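One structure is given below, encoded as structure tokens.
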Amino acid sequence: MGEKMTMGGDGLVVPDQPIIPFIEGDGIGPDIWAAAVRVFDAAVDKAYGGSRSVDWLEVLAGQKAFDATGDWLPEATIEAFRQHLVGIKGPLTTPIGGGFRSLNVAIRQILDLYVCLRPVRWYEGVPSPVKHPELVDMVIFRENTEDVYAGLELASGTEEAAKLIDFVKAEFGWNVRADSGLGLKPISETGSKRLVRAALRYAVANGRKSLTLVHKGNIMKFTEGAFREWGYEVVRDEFDDVAVGWEDCGGDPGDRILVKDVIADAFLQQILTRPAEYDVVATMNLNGDYASDALAAQVGGIGIAPGGNINYDTGVAVFEATHGTAPKYAGMDKVNPGSVILSGANMFRYIGWSEAADVIEAGLEATILDRVVTYDFARLMEDADEVSTSVFGSAIIERM
Ligand code: NAP
């Protein structure tokens, strides 16, 4: 029988047989989950020789939840994540007219999972569009709850939009074209600082060399510019012993972590031209969305990019495949399960089971190096041995 993880003063307390809730996901979800869970169990067994195991608990969301309960995101599912703290999910269909902008966004917002963690590195053998994918080794901390993703939008032509347009004209003298749609971009000191704090703690714990704040503060001074200021404030006020801002050290941090910042558009250029200069990255929601997918593409990893959504204060975290439900491939045992598998590896790292994570990553890398891959990689590689989702999972286990 499994036990619940709990949050102690020093972070997560993880029993040897933790209960971990999972959402299988819609579309290709069942295919990739079936392969992934075998990989997870094999890796834990390999790493701990039977002294640790996971008690998987299925919880419902998306189409499967709707069919069974009439609810796209049952309260019981949210409660399971709250109770058990750490879980994992496959991709979910976004219900049209179901009252949700996106189930993924809803899960992040309800559980206040304020960090979207996207580690980006290259695995040897993965086909990449750039010459030196091995120079990319970054960990993106994307703020998950604010910015233009907060969902505070009014459609063009509505009474509400007209009201707001009149209000800003009357109060601030702002001229907004009458037929505009409007959105609010909240960036708070609270939201910015807790994100940067989490990124710095991660950098310290993982022996990382630098943290870069990515922003567009030259244009959006009081939102993105303020994010930059608050970021440096956290460094000065709370991490002075282990980190230092560029301006406070003239670019020479000694043995501390160097904290620097870069304008978002320059960042998107430099991750192509000088990727080795970036390490841990902290940024707001929209920048983070663009940057993490651009980086994933660079290492050939769109199909295998892992992700996690974390609240480091409550401990609650939901790791997830970063791709969608690819409905045209559902049930075909065809697609790449790499994204949910590597998300699981990150989940194991998060709960302190890094040996299991290492086993998974090594097994995956060895499989790709042997050119045993699913169709998406096979079409980009010469002499690949194209296999199904399930066979790819077995191939990873054989190489652990
Ligand atoms: P998608 O499901 O990610 O699929 C787009 C394409 O990406 C697929 O046709 C396929 O490319 C490739 N792909 C995705 N997953 C793959 C995998 N595991 N292995 C290999 N190739 C993979 O995006 P979409 O078609 O825009 O969205 C479909 C549904 O997913 C929508 O309902 C959307 O709302 C939802 N969605 C959910 C999430 C989430 O739950 N996190 C994220 C994004 C979208 P090829 O056709 O070239 O083979």
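Just checking, does the stretch 313-330 include any residue being more than 12 Å from the ligand (Cβ to nearest atom), out of contact with any helix residue (DSSP H, G or I) (no Cβ under 8 Å at 6 or more places or on another chain) and not hydroxyl-bearing (Ser, Thr, Tyr)?
Among the residues of the stretch 313-330, at least one is more than 12 Å from the ligand (Cβ to nearest atom), out of contact with any helix residue (DSSP H, G or I) (no Cβ under 8 Å at 6 or more places or on another chain) and not hydroxyl-bearing (Ser, Thr, Tyr), which makes the answer yes.
Of everything in the stretch 44-66 that's away from the ligand (no atom under 16 Å from the Cβ) and surrounded by 21 or more Cβ atoms within 10 Å (Cβ to Cβ), which residue is nearest to Phe319 (Cα to Cα)?
Ranking the qualifying residues of the stretch 44-66, first place goes to Val54.
I'd like to know if the stretch 16-36 contains one or more residues that are at positive phi and within 16 Å of the ligand (Cβ to nearest atom).
Yes, the stretch 16-36 contains at least one residue that is at positive phi and within 16 Å of the ligand (Cβ to nearest atom).
Contact list please: Cβ distance under 7 Å, first residue in the stretch 142-160 and touching a residue at least 12 places away in the same chain (Cβ under 8 Å), second residue open to solvent by 60 Å² or more (accessible area, probe 1.4 Å) and not in a helix (DSSP H, G or I), pairs at least six apart or on different chains.
That search, which allows pairs on different chains as well, returns Ala150/Leu184; Gly151/Arg101; Leu152/Leu184; Ser156/Asp179; Gly157/Asp179.
Would you mention how many residues in the stretch 301-321 are more than 22 Å from Lys4 (Cα to Cα) and open to solvent by 50 Å² or more (accessible area, probe 1.4 Å)?
1
Among the strands (runs of 3 or more DSSP E) lying completely within the stretch 226-337, list those that include at least 2 residues that are closer than 30 Å to Glu79 by Cα, of a type outside the set (Lys, Arg) and at pLDDT 95 or above.
280-283, 306-310, 317-321
Quick test of your reading of the structure: Phe167 fulfils all but one of (1) touching a helix residue (DSSP H, G or I) at 6+ places or on another chain (Cβ under 9 Å); (2) more than 25 Å from Val299 (Cα to Cα); (3) open to solvent by 70 Å² or more (accessible area, probe 1.4 Å). Name the failing condition by number.
With (1) touching a helix residue (DSSP H, G or I) at 6+ places or on another chain (Cβ under 9 Å); (2) more than 25 Å from Val299 (Cα to Cα); (3) open to solvent by 70 Å² or more (accessible area, probe 1.4 Å) applied to Phe167, the lone miss is (1).
Using beta carbons and a limit of 6 Å, which pairs, at least six apart or on different chains, have the first residue in the stretch 83-96 and closer than 19 Å to Pro306 by Cα and modelled with pLDDT under 90 and the second one in a strand (DSSP E or B) and more than 7 Å from the ligand (Cβ to nearest atom)?
From residues that are closer than 19 Å to Pro306 by Cα and modelled with pLDDT under 90, there are no pairs.
Please work out if Ala198 is part of a helix (DSSP H, G or I) and more than 30 Å from Gln270 (Cα to Cα).
no
Among the candidates Ala291, Ala296, single out the residue that is within 16 Å of the ligand (Cβ to nearest atom) and surrounded by 21 or more Cβ atoms within 10 Å (Cβ to Cβ). Let's see the steps before the verdict.
Numbers: Ala291 fails: within 16 Å of the ligand (Cβ to nearest atom).
Just a single option satisfies the conditions, and that option is Ala296.
Give Ala291, Ala317, Ala321, Ala384 a once-over and let me know the one that is touching a residue at least 60 places away in the same chain (Cβ under 8 Å) and more than 23 Å from Gly29 (Cα to Cα). Outline the logic, then answer.
Values: Ala317 fails: more than 23 Å from Gly29 (Cα to Cα); Ala321 fails: more than 23 Å from Gly29 (Cα to Cα); Ala384 fails: touching a residue at least 60 places away in the same chain (Cβ under 8 Å).
Matching residue, one of Ala291, Ala317, Ala321, Ala384: Ala291.
Modelled with pLDDT under 95, β-branched (Val, Ile, Thr), within 30 Å of Ala291 (Cβ to Cβ) and in a helix (DSSP H, G or I) - does that describe any residue in the stretch 169-190?
The initial filter retains those residues of the stretch 169-190 that are modelled with pLDDT under 95, namely none.
No: zero hits.
Kindly indicate which of Val391, Val373, Val335 is within 16 Å of the ligand (Cβ to nearest atom) and open to solvent by 30 Å² or more (accessible area, probe 1.4 Å).
On inspection, the qualifying residue turns out to be Val391.
Is there a residue being in contact with a helix residue (DSSP H, G or I) (Cβ under 8 Å, 6 or more places away or on another chain), of a type in the set (Gly, Ala, Ser), over 23 Å from Asn336 (Cα atoms) and touching a residue at least 12 places away in the same chain (Cβ under 8 Å) anywhere in the stretch 12-34?
Within the stretch 12-34, none of the residues are in contact with a helix residue (DSSP H, G or I) (Cβ under 8 Å, 6 or more places away or on another chain), of a type in the set (Gly, Ala, Ser), over 23 Å from Asn336 (Cα atoms) and touching a residue at least 12 places away in the same chain (Cβ under 8 Å).
Working only within the stretch 122-143, note down all residues that are open to solvent by 10 Å² or more (accessible area, probe 1.4 Å) and closer than 30 Å to Thr190 by Cα.
Asp137, Arg142
Is it the case that the stretch 73-80 has a residue that's without any contact (Cβ under 8 Å) to a residue 12 or more places away in the chain, surrounded by 15 or more Cβ atoms within 10 Å (Cβ to Cβ) and of a type in the set (S, T, N, Q)? Full working, then the answer.
Within the stretch 73-80, the first condition is being without any contact (Cβ under 8 Å) to a residue 12 or more places away in the chain, and the residues that meet it are 75, 79.
After this cut, where a residue has to be surrounded by 15 or more Cβ atoms within 10 Å (Cβ to Cβ) as well, the list is none.
No, the stretch 73-80 contains no residue that is without any contact (Cβ under 8 Å) to a residue 12 or more places away in the chain, surrounded by 15 or more Cβ atoms within 10 Å (Cβ to Cβ) and of a type in the set (S, T, N, Q).
Considering only residues that are of a type outside the set (D, E, K, R), surrounded by fewer than 22 Cβ atoms within 10 Å (Cβ to Cβ) and closer than 15 Å to Gly393 by Cβ, which ones fall in the stretch 1-43?
Listed by number, the residues that qualify are Pro30, Ala34, Val37, Ala42.
The values are calculated or read from the model by the stated rules, or taken from the named source; none is laboratory data. Everything quoted here is computed from the prediction, not taken from an experiment. Here the Cβ is made from the backbone with ideal geometry for all residues, glycine too, and neighbour counts use every protein chain on show. With ligands, DNA and RNA removed, areas are computed over all heavy atoms of the protein, side chains included. Shrake-Rupley method; radii C 1.70, N 1.55, O 1.52, S 1.80 Å.
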